[in-house]
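Since the structure comes first, as structure tokens, the remarks are kept for the end.
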Amino acid sequence: MKEAHIHQENSYFGKLQEYLGEFVYGGIDGAVTTFAVVAGGFGANLDSGIILILGFANLFADGFSMSVGAYLAAKSEKENYKKHQDLEYWEVENLPDVERHEIKEIYSEKGFKGELLEKIVEQICSDKDLWVAEMMKDELNMMKDTKSPFRIGLATLVSFIIVGFIPLTVYLWDFFIEVQLNVFISTSILTAIAFMLVGWLKSLVNQTPPFKSVAETLLLGLLAALVAYYIGDLLEQFFMNK
């Protein structure tokens with residue numbers, strides 16, 4: 001019973017790891033998008049209430065848009081794979097000699113020769129599913145994605161909203177209970193910590209050095225904030241001087 005419970009927990013953790021990439025990139029976009037709004041609002045000297053309205057509007061609208069885009073992209077990729085797979089099944093059934101010759105060419109290019117090559121071709125062509133799978137992988141360079149498009153979209157949405165909410169927390173706190181802190185600086189520090197955590201997760205997904213990944217993510221957030229801040233400042237001067 002205990003072993004079954006451990007196996008179930010490992011299986012659940014494995015599923016979470018499978019969608020870690022979507023969570024990471026959704027979180028990065030969420031933090032960048034919301035912090036850019038906050039920095040732009042601060043640069044334009046907007047009231048905290050207006051910054052919160054703009055921030056939450058962007059958080060949910062962009063989060064939904066990004067998750068729908070991720071879902072549709074994954075769904076289209078699955079449909080494209082299925083279309084080519086059906087075509088390969090048709091060719092295996094109706095043009096077996098041609099497809100058999102293609103398998104032989106593929107494995108010949110891999111260095112197999114003579115009797116061994118013939119045995120490999122015979123083994124693959126004796127199993128229709130294996131035959132089609134080999135054609136998809138080696139001829140079309142297409143690999144089947146086992147991830148659910150719905151879960152891809154959901155992971156993107158959840159991470160976008162959770163991480164994207166972080167730059168708004170201090171402003172929200174200050175709106176209801178005035179804090180004796182510099183709101184923008186406190187928000188910047190909190191968001192920087194969020195970027196560091198997401199950058200570390202990104203290093204796990206991409207198998208890159210953690211320091212490099214964290215630095216890249218922080219730099220991305222800083223650039224987005226600087227652009228938004230100076231644009232907000234310029235627009236504020238332009239419209240207020242009219």
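All other residues whose Cβ lies under 10 angstrom from that of GLY164 are scored, Lys and Arg at +1 and Asp and Glu at -1, for a net of -2. Once the mean of 1/r is taken over each pair of separate Cα atoms and inverted, the chain shows a Kirkwood hydrodynamic radius of 21.8 Å. As an equivalent ellipsoid, segment 79-139 spans semi-axes of 21, 12, 9 angstrom, where each value is the square root of five times an eigenvalue of the C-alpha gyration tensor, largest first.
Using alpha carbons only, the radius of gyration of segment 14-108 set against its Kirkwood radius gives Rg/Rh = 1.35. Charge tally for ILE106 (other residues, Cβ to Cβ under 12 Å; Lys, Arg +1; Asp, Glu -1): -3. For segment 129-185, the Kirkwood radius over C-alpha pairs fed into Stokes-Einstein at 37 °C and 0.692 mPa s yields D = 210 µm² per second. Pairs over the 21 Å Cα-Cα cut-off, from the set LYS75/LYS128; LYS78/LYS137; LYS83/LYS137; LYS82/LYS202; LYS83/LYS104: LYS75/LYS128; LYS82/LYS202; LYS83/LYS104.
Here the contact order of segment 79-139, divided by its residue count and restricted to Cα pairs under 8 Å and six or more residues apart, works out to 45 percent.
Placing unit charges on the Cβ atoms only, positive for Lys and Arg and negative for Asp and Glu, gives the chain a dipole magnitude near 720 debye about its Cα centre.
Averaging 1/r over every pair of different alpha carbons in segment 92-175 and inverting the result gives a Kirkwood radius of 16.7 Å.
No lab work stands behind these numbers, since they all come straight from the coordinates. Note that the structure is predicted; figures quoted are calculated from it, not measured. When we count neighbours, we look across all protein chains shown, and the Cβ atoms used for this are built from the backbone with ideal geometry, even at glycine.
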